[in-house]
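Novice: Starting off with a structure, shown below.
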Amino acid sequence: MLVCGVAIAADITGRWEGVFTFEIGDTIVPMHVTIKMEQNKDGAIMGKYEAFDDVYGLDIGTIRGELSGGILTFELLGSNRCVGRYRGEGYLSQDETQIEYSLVGWDICNDDFISGLGRLFFVE
């Protein structure tokens with residue numbers, strides 16, 4: 001965003017909701033995701049997430065990362081049913097209302113490698 005000729009960095013603080021889709025074998029699994037995050041002035045983000053699907057059920061945890069130049073790099077750490085660690089990269093839309101992202105990592109409880117694509121929409 002430009003204000004009086006000065007570039008203002010995007011602020012993605014707030015609640016975001018969307019769907020993350022991944023495969024387990026031949027099954028495509030959609031997962032509903034809600035992320036509440038805060039962004040510092042330096043672009044660092046932190047917050048909490050909830051994700052639910054019909055295979056694994058509810059997963060909750062934390063998100064940490066950084067937004068720089070419209071690119072979000074982040075790590076999710078699951079904390080309720082088992083410790084899963086996932087890394088992702090996303091791209092903020094020009095109107096700052098959507099984030100398209102990819103994610104990879106291990107679900108340690110089920111010994112499954114997870115990778116997929118998602119889209120988040122700014123809610124509030």
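Novice: Just to be sure before I move on: is Ile28 modelled with pLDDT under 95 and part of a strand (DSSP E or B) in the structure I sent?
Specialist: Here the answer is yes, as Ile28 does meet what is asked.
Novice: Could you count how many residues in the range 45-67 are of a type in the set (A, V, I, L, M, F, W, C) and modelled with pLDDT under 95?
Specialist: Residues that pass the stated criteria total 5.
Novice: Moving to a separate point now. Looking at the range 68-79, which of its residues are modelled with pLDDT of 90 or more and out of contact with any Leu (no Cβ under 7 Å at 6 or more places or on another chain)?
Specialist: Scanning the range 68-79 gives Ser68, Gly69, Ile71, Thr73, Phe74, Glu75, Leu76, Leu77.
Novice: Let me ask another. So Thr34 ticks every box in (1) surrounded by 13 or more Cβ atoms within 10 Å (Cβ to Cβ); (2) among the polar types (S, T, N, Q); (3) over 17 Å from Phe20 (Cβ atoms) but one. Which box is left unticked?
Specialist: Checking Thr34 against (1) surrounded by 13 or more Cβ atoms within 10 Å (Cβ to Cβ); (2) among the polar types (S, T, N, Q); (3) over 17 Å from Phe20 (Cβ atoms), the one that fails is (3).
Novice: Of the residues Gly105, Gly88, Gly84, Gly78, which is closer than 22 Å to Asn40 by Cβ and touching a residue at least 12 places away in the same chain (Cβ under 8 Å)?
Specialist: Gly88
Novice: Restricting attention to the range 97-124, report how many residues are of a type outside the set (Ser, Thr, Tyr), surrounded by fewer than 18 Cβ atoms within 10 Å (Cβ to Cβ) and farther than 18 Å from Trp16 by Cα.
Specialist: 8
Novice: Would a scan of the range 84-97 turn up a residue that is among the acidic types (Asp, Glu) and either in contact with a His (Cβ under 6 Å, 6 or more places away or on another chain) or under 15 Å from Ala9 (Cα atoms) (or both)?
Specialist: So far as the range 84-97 goes, yes, one or more of its residues are among the acidic types (Asp, Glu) and either in contact with a His (Cβ under 6 Å, 6 or more places away or on another chain) or under 15 Å from Ala9 (Cα atoms) (or both).
Residue by residue, here is whether (1) among the β-branched types (Val, Ile, Thr); (2) in a loop (DSSP other than H, G, I, E, B); (3) closer than 16 Å to Gly14 by Cβ holds:
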{"residue": "Thr34", "(1), (2), (3)": "yes, no, yes"}
{"residue": "Glu38", "(1), (2), (3)": "no, no, yes"}
{"residue": "Val55", "(1), (2), (3)": "yes, yes, no"}
{"residue": "Leu58", "(1), (2), (3)": "no, no, no"}
{"residue": "Gly61", "(1), (2), (3)": "no, no, no"}
{"residue": "Arg64", "(1), (2), (3)": "no, no, no"}
{"residue": "Leu67", "(1), (2), (3)": "no, no, yes"}
{"residue": "Phe74", "(1), (2), (3)": "no, no, yes"}
{"residue": "Leu77", "(1), (2), (3)": "no, no, no"}
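Novice: May I pose another question? Exactly one condition in (1) within 27 Å of Phe113 (Cα to Cα); (2) surrounded by 16 or more Cβ atoms within 10 Å (Cβ to Cβ); (3) of a type outside the set (Phe, Trp, Tyr) is false for Ile12; which is it?
Specialist: Result: Ile12 passes all but (1).
The values are calculated or read from the model by the stated rules, or taken from the named source; none is laboratory data. These numbers come from a predicted model, not from an experiment. Neighbour counts run over all protein chains shown; Cβ positions are idealised from the backbone, glycine included.
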